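**Student:** Before anything else, here's the structure in question.
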Amino acid sequence: MIKLVPFELDHGKKLIEWSHSKEFLMQWAGPGFTYPLTMEQLVEYNKVPSTHAYSVVVDNKQVGHIALSKIDTQSRTARVGKVLVGEAALRGKGIGETMMKQIVSIAFNELGLNQVRLGVFDFNHSALALYKKLGFELVTVVQHARQVGDEKWTLYEMLLTREA
């Protein structure tokens, strides 16, 4: 059974372990963290009031992370981010789809939001396919959104609107 549990600092050890390179950290967390990821960064992250961060747990084992951030109750919007299935052996087994469905349900059904956005790099084909399958639509392409080493990464901004 896959479930989202509120992120606690004890879960940070796994996030640090999974963030094995500057490139991988940027891919799953964006510019919100710097490499190497530290517990101090996670302490600050956990204090942001407009962010609901979750650890992804399967059979009582932490396997990933996801967050709903920039929650704006006035405009009824938020951003899905820091999406990670950290256990490489578990990728491609439906965990990402389940955790995305759960975070969207939290946004729409528990928080009463109308739209959620996310950003995904153009080379992350499996994530792109999943987001499209779940109904996210491409709204903006940001060329050279991030520079990692000598590479310039293109970011796709996507949007999901709650059905009336």
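**Student:** Across the chain, how many lysine pairs, 8 or more positions apart or on different chains, have C-alpha atoms separated by under 18 Å? Please give the number.
**Tutor:** Close lysine pairs under the 18 Å cut-off: 25.
**Student:** Something else about it: Roughly what would the spin-label model give for R91 and Q147, points 7 Å off Cα along C-beta, in nm?
**Tutor:** About 2.6 nm, to one decimal.
**Student:** Tell me the relative contact order for the chain as a rounded percent, counting alpha carbon contacts under 8 Å between residues six or more apart.
**Tutor:** 18 percent
**Student:** Please give, to one decimal in nm, the separation of the simple spin-label points placed at E23 and E8, each 7 Å out from Cα toward the Cβ.
**Tutor:** Here the modelled spin labels are 3.6 nm apart.
**Student:** So, one more: Say the dipole of the chain comes from +1 at the beta carbon of Lys and Arg and -1 at that of Asp and Glu; which of V48, I66, V104 then lies farthest toward its positive end?
**Tutor:** Result: V104, furthest along the dipole toward the positive end.
**Student:** Set the Förster radius R0 to 35 Å, insert the Cβ-Cβ distance between E40 and D122 as r into 1/(1 + (r/R0)^6), and round the FRET efficiency to 0.05.
**Tutor:** E(calc), rounded to 0.05, equals 0.65.
**Student:** While we're looking at this one, here's another question. Counting every Cα pair in the range 2-161, what percent are over 29 Å apart?
**Tutor:** Value for the range 2-161 (Cα pairs over 29 Å): 12 percent.
**Student:** Turning to a different aspect of this structure: Would you work out which of A129, G32, G119 lies farthest towards the positive end of the dipole of the chain? Charges go on Cβ: Lys and Arg +1, Asp and Glu -1.
**Tutor:** Value computed over the given set: A129.
**Student:** With a 10 Å radius around each residue's Cβ, average the other Cβ atoms per peptide and rank 77-85, 60-68, highest first.
**Tutor:** 77-85, 60-68
**Student:** Shifting gears a bit: About the Cα centre of the chain, how large is the charge dipole given +1 on each Lys and Arg Cβ and -1 on each Asp and Glu Cβ? Please answer in debye to the nearest 20.
**Tutor:** 240 debye
**Student:** Let me ask another. Calculate for the chain the 222 nm mean residue ellipticity that helices alone would give, adding -39,500 (n - 2.57) per DSSP H run of length 4 or more and normalising by residue count, nearest 500 deg cm²/dmol.
**Tutor:** -7000 deg cm²/dmol
**Student:** Determine the dipole magnitude for the range 4-59: charges of +1 sit on the beta-carbon of Lys and Arg, -1 on that of Asp and Glu, nothing else is charged, the reference point is the Cα centre, and the result goes in debye to the nearest 20.
**Tutor:** 120 debye
Since every read-out is calculated from the coordinates, none of them should be taken as a lab result. The structure presented is a predicted model; accordingly, all values stated were derived computationally and were not measured. Counting neighbours? That spans all protein chains shown, and the Cβs are built from the backbone with ideal geometry, glycine included.
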